[in-house]
Structure formats: C-alpha cells, structure tokens
1. Which of the residues that make up the stretch 107-131 are part of a loop (DSSP other than H, G, I, E, B), open to solvent by 20 Å² or more (accessible area, probe 1.4 Å) and either small (Gly, Ala, Ser) or in contact with a Leu (Cβ under 9 Å, 6 or more places away or on another chain) (or both)?
2. Check ILE99, ILE74 and return the single one that is modelled with pLDDT of 95 or more and not in a loop (DSSP other than H, G, I, E, B).
3. Quickly run through the stretch 116-159 and pick out the residues that are touching an Asp or Glu at 6+ places or on another chain (Cβ under 6 Å) and either of a type in the set (Asp, Glu) or under 22 Å from LEU56 (Cα atoms) (or both).
4. Which residues, counting only those in the stretch 101-131, are under 17 Å from the mean Cα position of the chain (by Cα) and of a type outside the set (Gly, Ala, Ser)?
5. Kindly list the number of the only condition in (1) surrounded by fewer than 20 Cβ atoms within 10 Å (Cβ to Cβ); (2) of a type outside the set (Ser, Thr, Tyr); (3) closer than 24 Å to ARG187 by Cα that fails for TRP48.
6. Please find, within the stretch 132-168, the residue that is modelled with the lowest pLDDT out of those that are in contact with a Lys or Arg (Cβ under 8 Å, 6 or more places away or on another chain) and in a loop (DSSP other than H, G, I, E, B).
7. Residue by residue through the stretch 56-79, note down the ones that are more than 15 Å from the chain's Cα centre (by Cα), in contact (Cβ under 8 Å) with a residue 12 or more places away in the chain and open to solvent by 60 Å² or more (accessible area, probe 1.4 Å).
8. Take TRP93 and decide whether it is modelled with pLDDT of 95 or more and surrounded by 13 or more Cβ atoms within 10 Å (Cβ to Cβ).
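The values are calculated or read from the model by the stated rules, or taken from the named source; none is laboratory data. Bear in mind the structure is a predicted one, so any value in this text is a computation, not a measurement. Virtual Cβ from ideal backbone geometry, glycine too; neighbours counted across all protein chains shown. Only protein heavy atoms, including side chains, enter the accessible area calculation; ligands, DNA and RNA are left aside. Shrake-Rupley method; radii C 1.70, N 1.55, O 1.52, S 1.80 Å.
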Amino acid sequence: MKSSCKMVVLVGTLILSAFMVGTGSAAEEKVVFNKDGSLDRPVGYRGWVHVGSTVLPKGQANIIDNIPIPTNEIINTYVKPWAYAAYMKTGLWPEGTTIAKEFVVLGEPDEDGTVHEMYFAGLCVLVKDSKIFPAQTGHLGYFPFGHQREPYLDRAALADRSKCSSCHEQHASDQQYIFSDHHIGLRR
C-alpha cells in the first residue's frame, strides 16, 4: 500500500511537472547570454505572439545593416508570450522581454495583383535586461543575425549603439524605446 501511494505521488508530480514546462513564465524563459556577451539565435520565435508587420519599400535601408533593399520586404514582429501578456496588462515591458523581427522578401504582383512572400531574408532580436545592459538606453540590447536568406547566423554579437539604439532613442522615447505604436497587436 505504501509503495502504491508513493507511486501515485511520483506520477502526479511528474504529470504536474510536465504540465508546467513551457507555461511561459519569465523565470522559465530567462535569456541566456554567452560568455562573450553574444546571443544564440532564439529557437521557436515564429511561434511567439505575432504583433504585426511592416512593409519596407524597395530601396529603403534595412535596419540590420543599413543597406538599401533590392526588393520590397515585410518585417514580421514576434514577442515572447509572457512578455506580451505583461505588456498588454500593464503597459510596461518587463525585464527579460525578447522581441524578434524577421524580414521576408516579397515577390512582384501576380496577374491578379496579389503579392506573395518569397523567402525569409533576415533576423534581428531585441532583449531588455538591466543587468546585462545597464548603460544602454532602455536597458535594451540589439542582436543582428544577418540580412540574408536562411540559414541565419547561429550567434550574434551586440550591435553598436549607432545601428539600433539611436533610432529608438530618437523615435520611441515615449514608448520605453520599443516601437509599440507601430504594431497593431500591441494596441491596448
């Protein structure tokens, strides 16, 4: 009898543990940086909350390497689910917020005028961490994984302030330095 009770408790604990894995709490999803300060490309970001897309017209400089793009592109923006829920509830981006922006090349309109996505063409990630980025505006770090077809870089170094932060300082200072007003999915 004692061993069957222990077995029930053990099985119950295992089931509860399995249920709790991946529930999306900030503690479970802490961003881990490499010893050199770089960041590994996040896994599963396309499954995060998609908060909106931005169309970049041909010839506009992209935000990863500031080179004019040869075709129209879309930037799809994804936010880790727990950070999205916290922002929608409070209007504040919590510590550990991770946002991915993925670029997609658009084809020319077909005979019906429909424009289709052609291929993924770049990835950059923003992370909010006051311990890692105490001197960065908004405690935000920006990591470019390349503006090219997949595969992207496996690891990215922190981008220089002039590449990303200065634009956020100039145009999003009233939004905790994150362009929340650019994304329909972040309207509160």
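1. In the first step, residues of the stretch 107-131 are kept if they are part of a loop (DSSP other than H, G, I, E, B); the result is 107-116, 129-131.
Then keep just the ones that are open to solvent by 20 Å² or more (accessible area, probe 1.4 Å); that gives 108-116, 130-131.
Matches in the stretch 107-131: GLY113, VAL115, HIS116, SER130.
2. Values: ILE99 fails: modelled with pLDDT of 95 or more.
Within the list ILE99, ILE74, the selection yields ILE74.
3. If the condition is that a residue be touching an Asp or Glu at 6+ places or on another chain (Cβ under 6 Å) and either of a type in the set (Asp, Glu) or under 22 Å from LEU56 (Cα atoms) (or both), then PHE120, LEU123, HIS147 are the ones that fit.
4. Selection gives LYS101, GLU102, PHE103, VAL104, PHE120, LEU123, CYS124, VAL125, LEU126, VAL127, LYS128, ASP129.
5. (1)
6. If we take residues in the stretch 132-168 being in contact with a Lys or Arg (Cβ under 8 Å, 6 or more places away or on another chain) and in a loop (DSSP other than H, G, I, E, B), then GLN136 is modelled with the lowest pLDDT.
7. PRO57, LYS58, ASN66, ILE67, PRO70, ASN72
8. Working: modelled with pLDDT of 95 or more: no; surrounded by 13 or more Cβ atoms within 10 Å (Cβ to Cβ): yes.
The answer is no for TRP93.
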